[in-house]
Amino acid sequence: MTLTKTFLILATAGFLAACEAPIDVEAMPGAEAVSGAVDTSLVRVDGFAAKLDGAAMSGNAITYAYYTDVVGEIAALDAADAYCGGAGQANLNAAGAGLSRSQKNGRGYNVMTFVCR
């Protein structure tokens with residue numbers, strides 16, 4: 001029992017440490033192509049495109065890149081749902097999709113990739 005508890009504590013500590021580690025956005029595949037270029041046809045919420053650092057499409061996957069002090073995760077997900085046709089239609093759990101949290105220029109920076117259901 002003690003060995004199991006020790007293992008769980010170490011595994012949890014390792015997981016939390018990995019969550020705290022910043023991700024180098026510039027080294028992420030596709031991040032450089034997204035950053036700074038906003039394809040407004042991929043945004044269907046008025047005024048949201050101006051808040052993004054980047055928006056691009058690759059195949060059926062859409063990527064929104066944004067500073068977290070400008071756009072919150074809920075607002076980004078709502079905009080993704082709006083693009084896909086309504087609440088719950090953006091899928092962040094598909095292969096290759098998801099949310100990457102990192103730092104860019106000393107600020108919180110997220111790259112959210114989604115596909116429409």
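At a glance:
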| quantity | calculated |
| --- | --- |
| Integer Hz, Karplus 6.51/-1.76/1.60 couplings in order for region 37-42, x for Gly and Pro | 10, 10, 7, 5, 5, 8 |
| Using θ = phi - 60° and Karplus 6.51 cos²θ - 1.76 cosθ + 1.60, couplings along region 80-88 (whole Hz; Gly, Pro as x) | 5, 4, 4, 4, 7, x, x, 4, x |
| Simple spin-label estimate for residue 46 and residue 67 in nanometres, 7 Å along Cα-Cβ | 2.5 nm |
| Separation of the residue 57 and residue 117 label points, Cα + 7 Å toward Cβ, nm | 2.0 nm |
| Derived scalar couplings ³J(HN,Hα) [region 53-64; Karplus, 6.51 cos²θ - 1.76 cosθ + 1.60; whole Hz; x for Gly, Pro] | 8, x, 8, 8, 10, 9, x, 9, 9, 10, 10, 10 |
| Region 23-116 - percent relative contact order, Cα under 8 Å, separation 6 or more | 28 percent |
| Extension gain (nm, one decimal) between residue 74 and residue 95, 0.36 nm per residue minus Cα-Cα | 5.5 nm |
| Per-residue Cβ neighbour rank within 10 angstrom, fewest leading, 38, 45 | 45, 38 |
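Computed from the coordinates by the stated procedures, all read-outs in this text should not be read as laboratory data. Treat the numbers as computed from the prediction; the structure is a model and nothing was measured. Every residue, glycine among them, receives a Cβ derived from its backbone with ideal geometry; neighbour counts consider all protein chains shown.
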